[in-house]
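Student: Questions regarding the structure given below will be posed in turn.
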Ligand SMILES: Nc1ncnc2c1ncn2[C@@H]1O[C@H](COP(=O)(O)OP(=O)(O)O)[C@@H](O)[C@H]1O
Ligand SMILES: [Mg+2]
């Protein structure tokens, strides 16, 4: 099929072609001339003057139009749709910036948080018995549990429940676990939030979130508010230096948190709200956070020693109901714990899991010493491979 030059109207002179049929599409025109020639041309879409000219030229050439498609989607509809999408995006962003309620991108998280609250403290299965190797930290937190359980007894003596407890320790040492267990043991609701969620790009959004969190806490008191990775409130501010508003946002979020914590002082003593925060890097925290009346109780959560590591291994063997081979003695497990020098609780949990996987691979129904030893060496190897630096905290 021979293509003909771009501007078809000039081409269709009665002298050139006489009779035939034409099929006009949205962007092209096909001619079946009576001379037997077939011609085709691309048409500039949505330019109606060209089409009108084409029509009259065809008619003059006595070419019959046998089919014509509708000329595609009109330009105005396309532009309108783009405008609508754009306006919707702008509107959603404005809602997020102003902290508006209703449907938004943050809805899913809100639902998760509500579900957590609705499930109440009984859904949190973490108990103090499931935490091992950090007995001193546990003891210090235990007192907060007592105070939450019977706030009246302390109030009668003029003592008030601490407003803020800061758990400081290396990653995986059990800080989150300890906070959850505190709520479960005290039988109070646990409002969970990560500080990273507060620091957003939009100025004022983080502060609004903190306010909302404390409003909910006030309604649910007595309860525990848990703020994980609280160092993000500072560390983020430097990484966002280049971006407008980043620094200011971390600052205003932090200030809002301090204001909300100060506000807890005026609460009735019978319904305390305790804020527990966790950090891997207490040294970067803003000093204002550590002042009296805020996080004035700092509980160190160190790495476990060998005896502690053995206890943690046993806890996870129990929690996962791992069938340990009968020939594995407690002393042998102790040797495994010795080998795990510098490991946090989370790593020990991973080792129990890896040993169980190895036993399953062997098609064995019990986990033996070879599995444990292989799990430890595999863990050490993978740590070297990924070059994670040694944990800086030791007991
Ligand atoms: N002391 C511990 N006793 C028992 N399990 C622990 C302990 N520390 C950590 N774990 C295990 O490691 C997991 C991660 O610990 P997590 O509390 O999240 O650490 P962190 O918050 O300090 O980074 C826990 O869910 C738990 O299974
Ligand atoms: Mg944690």
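The values are calculated or read from the model by the stated rules, or taken from the named source; none is laboratory data. Quick caveat: nothing in here was measured; it's all calculated off a predicted structure. Please note: Cβ atoms are built from the backbone with ideal geometry, for glycine as well, and neighbour counts cover all protein chains shown.
Student: For residue 178, are the conditions met, namely being modelled with pLDDT of 85 or more, within 16 Å of ligand 1 (Cβ to nearest atom) and in a helix (DSSP H, G or I)?
Tutor: Values: modelled with pLDDT of 85 or more: yes; within 16 Å of ligand 1 (Cβ to nearest atom): yes; in a helix (DSSP H, G or I): yes.
Yes.
Student: Right, something else. For the range 135-149, indicate whether the set of residues that are surrounded by fewer than 16 Cβ atoms within 10 Å (Cβ to Cβ), in a loop (DSSP other than H, G, I, E, B), out of contact with any helix residue (DSSP H, G or I) (no Cβ under 7 Å at 6 or more places or on another chain) and in contact (Cβ under 8 Å) with a residue 60 or more places away in the chain is non-empty.
Tutor: Looking for residues that are surrounded by fewer than 16 Cβ atoms within 10 Å (Cβ to Cβ), in a loop (DSSP other than H, G, I, E, B), out of contact with any helix residue (DSSP H, G or I) (no Cβ under 7 Å at 6 or more places or on another chain) and in contact (Cβ under 8 Å) with a residue 60 or more places away in the chain, one finds none in the range 135-149, hence no.
Student: Within the range 183-202, does at least one residue satisfy the condition of being outside the structural domain of residue 346 (by TED's automatic domain parsing), part of a loop (DSSP other than H, G, I, E, B) and under 23 Å from residue 312 (Cα atoms)?
Tutor: no
Student: Now, a different point. Say whether the condition of being loosely packed, with under 15 Cβ neighbours inside 10 Å, away from ligand 2 (no atom under 16 Å from the Cβ), more than 24 Å from residue 193 (Cα to Cα) and free of Cβ contacts under 8 Å to residues at least 40 places away in the same chain is met by at least one residue in the range 297-318.
Tutor: yes
Student: Using the structure shown, decide if residue 324 is surrounded by 19 or more Cβ atoms within 10 Å (Cβ to Cβ), outside the structural domain of residue 172 (by TED's automatic domain parsing) and over 27 Å from the mean Cα position of the chain (by Cα).
Tutor: yes
Student: Another one. Is it true that residue 204 is at positive phi and either crowded, with 21+ Cβ neighbours inside 10 Å or more than 14 Å from ligand 2 (Cβ to nearest atom) (or both)?
Tutor: yes
Student: Go through the residues of the range 164-173 one by one and say whether even a single one is outside the structural domain of residue 342 (by TED's automatic domain parsing) and away from ligand 1 (no atom under 13 Å from the Cβ).
Tutor: Taking every residue of the range 164-173 in turn, at least one turns out to be outside the structural domain of residue 342 (by TED's automatic domain parsing) and away from ligand 1 (no atom under 13 Å from the Cβ).
A quick yes/no check of all residues on (1) modelled with pLDDT under 70; (2) outside the structural domain of residue 33 (by TED's automatic domain parsing); (3) in a helix (DSSP H, G or I):
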{"residue": "57", "(1), (2), (3)": "no, no, yes"}
{"residue": "64", "(1), (2), (3)": "no, no, no"}
{"residue": "78", "(1), (2), (3)": "no, yes, yes"}
{"residue": "81", "(1), (2), (3)": "no, yes, yes"}
{"residue": "84", "(1), (2), (3)": "no, yes, yes"}
{"residue": "88", "(1), (2), (3)": "no, yes, yes"}
{"residue": "92", "(1), (2), (3)": "no, yes, yes"}
{"residue": "97", "(1), (2), (3)": "yes, yes, yes"}
{"residue": "100", "(1), (2), (3)": "yes, yes, no"}
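Student: Go through (1) touching a strand residue (DSSP E or B) at 6+ places or on another chain (Cβ under 8 Å); (2) over 21 Å from residue 174 (Cβ atoms) for residue 355 and report which single condition fails.
Tutor: Here residue 355 meets the rest and fails (2).
Student: If you check 292, 302, which single one turns out to be on the phi < 0 side of the Ramachandran plot, touching a helix residue (DSSP H, G or I) at 6+ places or on another chain (Cβ under 8 Å) and either part of a loop (DSSP other than H, G, I, E, B) or modelled with pLDDT under 85 (or both)?
Tutor: On inspection, the qualifying residue turns out to be 302.
Student: Of the conditions (1) more than 25 Å from residue 178 (Cβ to Cβ); (2) surrounded by 15 or more Cβ atoms within 10 Å (Cβ to Cβ), residue 379 clears all except one; give me its number.
Tutor: With respect to (1) more than 25 Å from residue 178 (Cβ to Cβ); (2) surrounded by 15 or more Cβ atoms within 10 Å (Cβ to Cβ), residue 379 is out only on (1).
Student: Can you find a residue that is modelled with pLDDT of 80 or more and under 24 Å from residue 263 (Cβ atoms) anywhere in the range 127-143?
Tutor: Within the range 127-143 (the criterion being modelled with pLDDT of 80 or more and under 24 Å from residue 263 (Cβ atoms)), the answer is yes, since at least one residue qualifies.
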